[in-house]
Each structure stands twice: as structure tokens, then as C-alpha cells.
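Structure record follows, encoded as C-alpha cells.
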Amino acid sequence: MPVIVVANPKGGVGKSTLSTNLAGYLASQGKSVMLGDVDRQQSAATWLGLRPATANPIRAWDTGADLRVRPPKGTTHVVLDTPAGLHGKRLDEVLKIATRVLVPLQPSIFDIHATHDFLRRLADHKESHKGAHKLEVGIVGMRSRDGTISADHLKAFLGTQEFPVLTHLRDTQNYIHLAAQGLTLWDVAPSRVERDLEQWQPLIAWLSD
């Protein structure tokens, strides 16, 4: 079962935005999706509570009699939204079950420096588990604005990384307005979010590889 982990130790980089819209895309394709929230702030869980009953279904964890959480029966795809500060044993536990890791990164010098060591940790994990556990890692630029100095800094940094930069998602109010209703880009008329859907195409292609 594909388990897609959205992770970055830096807070406020767009993990929940990426997680919820990723789950929304998979649900729009008829997948049985669970959006797991392991972030203390429970942003994704709050979003699920806002999601209309008429929208493509996305489920949360099931809690058994033993109080352990697990994907609901019939789940085909899992998306995990992770907390800021994820490192050490907690990171290792998440990576053991992940098939893909998406690292959202904003064009901020603070975010870039905070993410550098995390990407190195992912590279070390991938190398040490080569052959035993296939893990694909991709980077997504968040809230990008072409032509800005910060965007140029981000692109320069990403050019030094071994992991592929899948796409850059623009800074737009569309994500904010949709999130407030428990919705994603795939829950509204494509004409309303055409430019955003185009930016998602390379990420979708990567998920299909």
C-alpha cells in the first residue's frame, strides 16, 4: 500500500496544504484514501472535520479497542501529515513505513537552512536501506513567486540537492479559501484553479512512476 509522507522539520512550510490537496487528488481518482495527522496541531484532522459530506471521501485513522490507530479497512493509499521538529527515532519510525516522502520548502533563507540537514538525513536513510526498502523522495517548492530574490535563493539551493524538485506551487489565496471549507483543488470546477492544477501535473506524474 502506498504511504506518502509529507515532512519537513520546519513549521509553517505548507505541509498541511500539500497533504490535504494530495489526499484530495487521490480521492478524485477513486482511491480509498486515509489522511493521517501525526502533527500535534492536528491541522489535517481539523480540515477533515470541515470537509463536506458531498465531497470525495477521505478518511481518518481508525482507533481500535486497544487504542492503537490504524488505517480503516479497505484503505488503498495513505497520506501522512507530520509535525515540525520530526527527527531521531520518530523520523526513523515514519520512514520505515513510507514509500514516498514529499518535502515542502518555502523560499525563505530560514526554511532553506532548517531543511538542509533534514534532506541529508533522508539521503543517508535511503543509502543505508538500499535494496531493503525502496524510498522515493521529492521536493516541492511552496508559495513561490517567480522573479523574487527569495525564489532565486531557493532555486540555487535546490540545484545542489540530489533529490528531484518536482514542481513549484505558487503563492495564491486559492489554497486558503478551499482549506477553510475542507476542500481541495479537485473539489471545484477546474476553470477556477486551472493554473494551480497545471503546477500539480509534474507531482502527479512522479506519483504515478
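Every read-out reported here was derived from the displayed coordinates using simple, explicitly stated rules and does not represent laboratory data. Quick caveat, the model's predicted, so the values are computed rather than measured. Counting neighbours? That spans all protein chains shown, and the Cβs are built from the backbone with ideal geometry, glycine included.
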**Study point:** Within region 71-145, GluC sites (Glu not before Pro) in DSSP loop having at most 13 other beta-carbon neighbours inside 10 Å
**Key:** none
Review point. Among Phe118, Phe110, Phe157, which one moves the most in a GNM of the chain with springs linking Cα atoms closer than 10 Å?
Key: Phe110
**Study point:** region 30-36 - phi-based ³J(HN,Hα) in whole Hz, Karplus 6.51/-1.76/1.60, Gly and Pro as x
**Key:** x, 7, 8, 9, 10, 9, x
Study note, to complete from the structure: Here the relative contact order (percent) of the chain, from C-alpha pairs under 8 Å and at least 6 apart, is 26
Study note, to complete from the structure: Along the dipole axis of the chain (charges at Cβ: +1 for Lys and Arg, -1 for Asp and Glu; origin at the Cα centre), the most positive-end residue among Trp186, Gly74, Ala27 is Gly74
Check your understanding: Taking other Cβ within 10 Å of each residue's Cβ, how do Trp206, Trp47, Trp200 sort, fewest first?
Key -> Trp206, Trp200, Trp47
Exercise for review: Could you tell me the distance between the Cα centroids of region 66-123 and region 160-209, to the nearest Å?
Suggested key: 19
Review point. About its Cα centre, what dipole magnitude does the chain give when the only charges are +1 on Lys and Arg Cβ and -1 on Asp and Glu Cβ, stated in debye to the nearest 20?
Key: 380
**Study point:** Mean ellipticity per residue at 222 nm, deg cm²/dmol - from DSSP H runs of n ≥ 4 across the chain, formula -39500 (n - 2.57)
**Key:** -12500 deg cm²/dmol
**Study point:** Mean projected area (nm²) of the alpha-carbon convex hull when region 3-208 is viewed from all directions
**Key:** 11.9
Revision key, fill the gap. Comparing Ser191, Ser28, Ser19 in a Gaussian network model of the chain (Cα, 10 Å), the one with the largest mean-square fluctuation is Ser191
Review point. Quick one: how many lysine pairs in the chain have C-alpha atoms under 20 angstrom apart, if they're 8 or more apart or on different chains?
Key: 12
Practice item. Would you pull out the residues with amide H under 5 Å of Asp62's amide H, same chain only if 5 or more places away, H placed 1.01 Å from N? Key: Arg70
Practice item. Report the net charge of residues surrounding Gln161, where surrounding means a beta-carbon distance below 12 angstrom and charges are Lys +1, Arg +1, Asp -1, Glu -1. Key: +1
